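A.B. asks: Just dropping this structure here.
The values are calculated or read from the model by the stated rules, or taken from the named source; none is laboratory data. None of these values were measured; they are calculated from a predicted model. Counting neighbours? That spans all protein chains shown, and the Cβs are built from the backbone with ideal geometry, glycine included.
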Amino acid sequence: MITAGMDLGSKFIKIVIMNDGDVIARAKMLSGFEQEVTASEALSEALSKAGLQSGDIERLTATGVGRSIAPFAHDRLTEVGAAARGAIARLPETRTVIDVGAEEGRAILITPDGHVKDFAINEKCAAGSGTFTEAMARALELDIVEFGRLSLQSDKAVPMNAQCAVFAESEVVSLLHARTPKQDISRAVHDAIASRIVSMARRVSVEREVMIIGGMAYNVGFIASMKRALEMELIVPDDPDYVPAEGAAWAAHDKLVGMEKTELKER
Amino acid sequence: MTVEYWRWKEYNWHDENIDPKAGSVLSAGCDVGSVSSQAVVMVDGGLYAYSNMRTGSDSPHSALDAMNWALEGTGLKIEDLHYVVGTGYGRVNVPFAHRAITEIACHARGANFMYGPSVRTILDMGGQDCKAIRCDHRGKVTNFLMNDKCAAGTGRGMEVFADLLSVSIEDVGDLSFDVEEEPEPVSSTCVVFAKSEAAGLLRQGWPKNLVLAAYCNAMAHRVVTLLERLGVEKEFAITGGIAKNIGVVRRLEKELGLTGLKSDYDTQIAGALGAALFAGALYEKQQAKK
C-alpha cells in the first residue's frame, strides 16, 4: 500500500513516500515564493527516486503551514497531528514532542494510546524559532552548522537580555565589541532559544520520553541547551525534520486501513 | 559604499537670542537611549540648546558626545552646568550627571512642558521600546505600560523596513500615503516575520509605498492595543522618533479616533527635556538648603 505525506513548511517542503509504513523515498526542497510549484517538483523528485508514477500513490496527506495549497493532496492534517503521529511511529514511548522549525515552535503532549492530549504553539515571534539562530549566525558571520557546534565549546553562560530577534542582533554585536568569545555568544543564543521553548513546553507539561524534531534538532548546540534547560535526556531521531511528513504519510495509511489515530480534514 | 537607509540625520541647535552667561540656573538633561541619545540645556527654565545623535556601543561616551554637541558654539562647557540629570536606558552611565531619573518620569515631565498641563496620556515611541504613560496636570506619572521586549511597534522595526525597501527613514511617512487604496496591515507581529511577509508582497508586485503603508498600519495597530490596555484620557500626545513619522501617527490617530496635541518642540527631546526640568528643580532645592 503506497501512501505519501507532504509537509509544506515555511522554509522547506518535505515529502515522504511509504510502502506499508516503510519509507521508500523522500525529498526536501526550499519552499521559495511559489510553494505550489515547489510542491509539485518535490513530489516528482520523490516519485522518481521511488521509481513510481503519481497514480501509484493511493493516498497523499498534506500538512504544514502551506498545506492548503498542495493541489494533489487527498487530505490535510494539522502540524500538531502530523508531528505527533510521526513521533509515535518512530518511537511508541514518546509522550512529548518538541518541534522547532524555521518560523514556529510546538510542544505536544501525547497520550499512551497515541492521541494528542494538549499542545502549545509559538508562531508569532521569531525568538524561539530557527530563523532566530540563522539571524544570529549571520550577525557573527558563521555558517549555521558551525555556529551550533561552536556552542559546545563554551563553558560559560553569558546572559542574553534581549528576547526579540531584532534586539538580540544588536546585543550580539555589542557582545562582539566587548570581545566576548564567539563560542560563548553562540551558547548564549542557543540557551536563549531553549529557554523560550522550554517555558512554552512546560505550559503543557513535559513527560518522558521527550522527542525533539524539526530542522532545529540538527543543531547540536541547541540540543545541548535544551538538555540543560529540561534537565533530562532527549530523543533526537535521524532526519528529524522529516518526522511530520512521515506522520502525514502514516495518517494516509491509517485512513486506508480504517484505523485513524488522528482526525483528518477532508479536502 | 552601501546606502544605509535607516540612518536618520543627527543634529544640534541652540537659541542665539539667549545669553547663557546671564542666566542664574543652567540645568541639563541627558537621555541615553538604546538607539539615540539627546542632551538638553535650559537657562532659567527655558529651552536653550539641544542635540540628538545615535547612541554608540559605549554609553558613557554617547552621553558625553551628545552633551558636548549640544554645547557646541555656545561658549559653555559641561563644568559650567549647575545640575545634570541622566535618563534613559543608559542613565546610570552618564558620567557628568548628578542624578539619574527613569525615562518614564522624564517623558511625562517633558511632555507636560512641551504640550502644556492639559496632556494626560503620552505615547512615547522610541528606538527599542514603546511606552504608554498617564500623568496628571503637573506631569507626574500616574500609570504606565511599556513594551521593551519586542521590536514590533518600535523605531528599530521601522528602521528594518526602511532598509528592506531602500527608503530613507525620514521619507517613510509621506510615501506611505502615496497609495491608491489603504492596504490591510502586515499580518505578522514579529518584525522578522513581517520582513519576509513584505518580501513576499513585493514579489507579488506590490509597489513599495503600498508595503510601507501596510507596515505603518501594522505598527499603528500594535501601539493602539498597548494604549487601549492602559486607557487613553484626553489630551493625548506622541513623543519619540516615531512621532515624526506621519505614516504611523495619522493611522494610529484614526484608529484611536483621537488627534494628538501638536508642539513646536522636537518630539525626540521629551525625555532629555524632562530630565533638564528635574535638574533645574533639584538644583533650586539644593541651593535653598544652603
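A.B. asks: On the given criteria, is residue A:126 within 14 Å of chain B (Cβ to nearest Cβ), modelled with pLDDT under 95, farther than 20 Å from residue A:21 by Cα and assigned to a loop (DSSP other than H, G, I, E, B)?
C.D. replies: Details: within 14 Å of chain B (Cβ to nearest Cβ): yes; modelled with pLDDT under 95: yes; farther than 20 Å from residue A:21 by Cα: yes; assigned to a loop (DSSP other than H, G, I, E, B): yes.
Criteria met by residue A:126.
A.B. asks: Further question on the same structure: Any residue in region B:233-244 that is surrounded by fewer than 19 Cβ atoms within 10 Å (Cβ to Cβ) and closer than 27 Å to residue B:37 by Cβ?
C.D. replies: Within region B:233-244, none of the residues are surrounded by fewer than 19 Cβ atoms within 10 Å (Cβ to Cβ) and closer than 27 Å to residue B:37 by Cβ.
A.B. asks: Then there's this: Inside region B:71-103, can you point out the residues that are surrounded by fewer than 21 Cβ atoms within 10 Å (Cβ to Cβ), at pLDDT 95 or above, among the aliphatic types (A, V, I, L, M) and in a helix (DSSP H, G or I)?
C.D. replies: Result: B:78, single match.
A.B. asks: Of all residues being in contact with a helix residue (DSSP H, G or I) (Cβ under 8 Å, 6 or more places away or on another chain) and among the charged types (D, E, K, R) in region A:22-55, which is surrounded by the most Cβ atoms within 10 Å (Cβ to Cβ)? Just the residue, please.
C.D. replies: A:26
A.B. asks: Is it true that residue B:197 is within 14 Å of chain A (Cβ to nearest Cβ), of a type outside the set (S, T, N, Q) and surrounded by 20 or more Cβ atoms within 10 Å (Cβ to Cβ)? Please lay out each step first, then the result.
C.D. replies: Numbers: within 14 Å of chain A (Cβ to nearest Cβ): yes; of a type outside the set (S, T, N, Q): yes; surrounded by 20 or more Cβ atoms within 10 Å (Cβ to Cβ): no.
No.
A.B. asks: If you check residue A:119 against the conditions, is it assigned by TED's automatic domain parsing to the domain that holds residue A:214, within 29 Å of residue B:156 (Cα to Cα) and in contact with a helix residue (DSSP H, G or I) (Cβ under 7 Å, 6 or more places away or on another chain)? Even if it seems obvious, please write down each step before you answer.
C.D. replies: Values: assigned by TED's automatic domain parsing to the domain that holds residue A:214: yes; within 29 Å of residue B:156 (Cα to Cα): no; in contact with a helix residue (DSSP H, G or I) (Cβ under 7 Å, 6 or more places away or on another chain): yes.
It is false that residue A:119 is assigned by TED's automatic domain parsing to the domain that holds residue A:214, within 29 Å of residue B:156 (Cα to Cα) and in contact with a helix residue (DSSP H, G or I) (Cβ under 7 Å, 6 or more places away or on another chain).
A.B. asks: Right, next: Identify the residue in region A:130-153 that is of a type in the set (D, E, K, R) and not in a helix (DSSP H, G or I) and, among all such residues, is nearest to the other protein chains (Cβ to nearest Cβ).
C.D. replies: Of all residues in region A:130-153, those of a type in the set (D, E, K, R) come to A:134, A:138, A:141, A:143, A:146, A:149.
With the extra rule that they be not in a helix (DSSP H, G or I), the set shrinks to A:141, A:143.
Working: A:141: 16, A:143: 20 Å.
Applying the filter and picking the extreme gives A:141.
A.B. asks: Take residue B:67 and decide whether it is in a helix (DSSP H, G or I), assigned by TED's automatic domain parsing to the domain that holds residue B:283, farther than 30 Å from residue B:230 by Cα and within 18 Å of the chain's Cα centre (by Cα).
C.D. replies: Against the criterion (in a helix (DSSP H, G or I), assigned by TED's automatic domain parsing to the domain that holds residue B:283, farther than 30 Å from residue B:230 by Cα and within 18 Å of the chain's Cα centre (by Cα)), residue B:67 qualifies.
A.B. asks: Can I ask one more? Which of the residues that make up region A:1-20 are within 21 Å of residue A:79 (Cβ to Cβ) and assigned to a loop (DSSP other than H, G, I, E, B)? Show your work before the answer.
C.D. replies: Applying the first criterion (within 21 Å of residue A:79 (Cβ to Cβ)) to region A:1-20 yields A:3-18.
Hits for region A:1-20 are A:9, A:10, A:11.
A.B. asks: What number of residues in region B:203-215 are within 12 Å of chain A (Cβ to nearest Cβ) and either of a type in the set (Lys, Arg) or in contact (Cβ under 8 Å) with a residue 12 or more places away in the chain (or both)? So that I can check it myself, show each step before the final result.
C.D. replies: Of region B:203-215, the ones within 12 Å of chain A (Cβ to nearest Cβ) are B:203-205.
Those left that are additionally either of a type in the set (Lys, Arg) or in contact (Cβ under 8 Å) with a residue 12 or more places away in the chain (or both): B:203.
Of the residues in that region, 1 qualify.
A.B. asks: If you scan region B:151-169, which residues turn out to be more than 8 Å from chain A (Cβ to nearest Cβ) and under 15 Å from the mean Cα position of the chain (by Cα)?
C.D. replies: Those that are more than 8 Å from chain A (Cβ to nearest Cβ) and under 15 Å from the mean Cα position of the chain (by Cα): B:153, B:154, B:155, B:158, B:159, B:169.
A.B. asks: What number of residues in region A:141-171 are surrounded by 13 or more Cβ atoms within 10 Å (Cβ to Cβ), of a type in the set (Gly, Ala, Ser) and either touching an Asp or Glu at 6+ places or on another chain (Cβ under 8 Å) or not assigned by TED's automatic domain parsing to the domain that holds residue A:215 (or both)?
C.D. replies: 2
A.B. asks: Among the candidates A:62, A:70, single out the residue that is modelled with pLDDT under 95, touching a strand residue (DSSP E or B) at 6+ places or on another chain (Cβ under 6 Å) and under 30 Å from residue A:44 (Cβ atoms).
C.D. replies: From the options A:62, A:70, the qualifying one is A:70.
A.B. asks: Looking only at residues in region B:1-35 that are surrounded by 14 or more Cβ atoms within 10 Å (Cβ to Cβ), in contact with an Asp or Glu (Cβ under 7 Å, 6 or more places away or on another chain) and of a type outside the set (A, V, I, L, M), which one is nearest to residue A:168 (Cα to Cα)?
C.D. replies: So, considering only residues that are surrounded by 14 or more Cβ atoms within 10 Å (Cβ to Cβ), in contact with an Asp or Glu (Cβ under 7 Å, 6 or more places away or on another chain) and of a type outside the set (A, V, I, L, M), the one nearest to residue A:168 (Cα to Cα) is B:6.
A.B. asks: Sort through B:120, B:109 and tell me the only one that's modelled with pLDDT of 95 or more and closer than 16 Å to residue B:276 by Cα.
C.D. replies: Working: B:120 fails: closer than 16 Å to residue B:276 by Cα.
Just a single option satisfies the conditions, and that option is B:109.
A.B. asks: Of the residues A:221, A:258, only one is in the same structural domain as residue A:84 (by TED's automatic domain parsing) and either crowded, with 20+ Cβ neighbours inside 10 Å or at pLDDT below 95 (or both); which?
C.D. replies: Working: A:221 fails: in the same structural domain as residue A:84 (by TED's automatic domain parsing).
Matching residue, one of A:221, A:258: A:258.
A.B. asks: I've got another one for you. With respect to residue B:176, determine if the residue is surrounded by 16 or more Cβ atoms within 10 Å (Cβ to Cβ), polar (S, T, N, Q) and without any contact (Cβ under 8 Å) to a residue 12 or more places away in the chain.
C.D. replies: No: the conditions fail for residue B:176.
A.B. asks: Being in contact with a helix residue (DSSP H, G or I) (Cβ under 9 Å, 6 or more places away or on another chain) and without any contact (Cβ under 8 Å) to a residue 24 or more places away in the chain narrows it down to one residue among B:92, B:84; which is it? First the steps, then the outcome.
C.D. replies: Working: B:84 fails: without any contact (Cβ under 8 Å) to a residue 24 or more places away in the chain.
B:92 is the lone residue from the list that is in contact with a helix residue (DSSP H, G or I) (Cβ under 9 Å, 6 or more places away or on another chain) and without any contact (Cβ under 8 Å) to a residue 24 or more places away in the chain.
A.B. asks: Condition first: within 14 Å of another protein chain (Cβ to nearest Cβ), free of Cβ contacts under 8 Å to residues at least 24 places away in the same chain, more than 18 Å from residue B:148 (Cβ to Cβ) and more than 25 Å from the chain's Cα centre (by Cα). Can you find one or more residues in region A:154-170 that meet it?
C.D. replies: Checking region A:154-170: not a single residue is within 14 Å of another protein chain (Cβ to nearest Cβ), free of Cβ contacts under 8 Å to residues at least 24 places away in the same chain, more than 18 Å from residue B:148 (Cβ to Cβ) and more than 25 Å from the chain's Cα centre (by Cα).
A.B. asks: Tally time: how many residues in region B:245-266 are buried (at least 23 other Cβ atoms within 10 Å of the Cβ) and either more than 17 Å from the chain's Cα centre (by Cα) or of a type in the set (Val, Ile, Thr) (or both)? Lay out the reasoning, then the answer.
C.D. replies: Filtering region B:245-266 for residues buried (at least 23 other Cβ atoms within 10 Å of the Cβ) gives B:245, B:247-248, B:251-252.
Remaining after also requiring either more than 17 Å from the chain's Cα centre (by Cα) or of a type in the set (Val, Ile, Thr) (or both): B:248, B:251.
The qualifying residues number 2.
A.B. asks: Tell me, which residue of region B:123-168 that is acidic (Asp, Glu) and assigned to a loop (DSSP other than H, G, I, E, B) is surrounded by the fewest Cβ atoms within 10 Å (Cβ to Cβ)?
C.D. replies: Only one residue tops the list, namely B:136.
A.B. asks: Could you tell me how many of the residues in region A:171-194 are assigned to a helix (DSSP H, G or I) and more than 25 Å from the chain's Cα centre (by Cα)?
C.D. replies: The qualifying residues number 9.
A.B. asks: Just name the residue that is surrounded by the fewest Cβ atoms within 10 Å (Cβ to Cβ) out of those in region B:40-64 that are of a type outside the set (S, T, N, Q) and assigned to a loop (DSSP other than H, G, I, E, B).
C.D. replies: By that ranking, first place goes to B:56.
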